[in-house]
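Okay, structure first, notes after.
No value in this document is a laboratory result; all are computed from the given coordinates. Fair warning: this is a prediction, and the values are worked out from it, not measured in the lab. For neighbour counting, all protein chains shown are included, and Cβ atoms are generated from backbone atoms with ideal geometry for every residue, glycine included.
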Amino acid sequence: MRRHAPTRPSGNRRFNAKKNTHHVKLLICKTIVGTRLSNQVRETLKGSDLELFDTSVSQRVAFIEAMIAGWSVLEYAPSSTAAKEILSLRDEIMWPATPGP
């Protein structure tokens, strides 16, 4: 049986972005629309070495409805805010902004 590496640090091991050789960005997700929590998280992490996606993905009914229907939100509700968030995240991943000279 093949064992998979744990997805979360255990014990005293903590994630260290400086030691990671991969480009790491954090996604703020499952935010609740109408609350200040995602902005507070973003402000708190601003002073850290961690890089955040500009896009955040909120809890939306369209995600649940699409899952129940067996479709992606892009198929189920292509003009919904949920679909726009996913497309925005796709664009950030596929075509990251490059810093100017």
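Here are the numbers for the structure shown:
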| quantity | calculated |
| --- | --- |
| Residues located in the stretch 39-65, provided they are among the polar types (S, T, N, Q) and within 22 Å of residue 84 (Cα to Cα) | 39, 55, 56, 58, 59 |
| Residue pairs meeting the criteria (Cβ under 8 Å; at least 6 apart or on separate chains; first over 20 Å from residue 97 (Cα atoms), in the stretch 44-70; second surrounded by 15 or more Cβ atoms within 10 Å (Cβ to Cβ) and of a type in the set (Phe, Trp, Tyr)) | 62/76; 65/76; 66/76; 69/76 |
| Residue, surrounded by the fewest Cβ atoms within 10 Å (Cβ to Cβ), within the stretch 56-91, restricted to residues that are touching a strand residue (DSSP E or B) at 6+ places or on another chain (Cβ under 6 Å) and outside any helix (DSSP H, G or I) | 59 |
| All positions within the stretch 32-55 that are hydroxyl-bearing (Ser, Thr, Tyr), surrounded by 12 or more Cβ atoms within 10 Å (Cβ to Cβ) and not in a helix (DSSP H, G or I) | 55 |
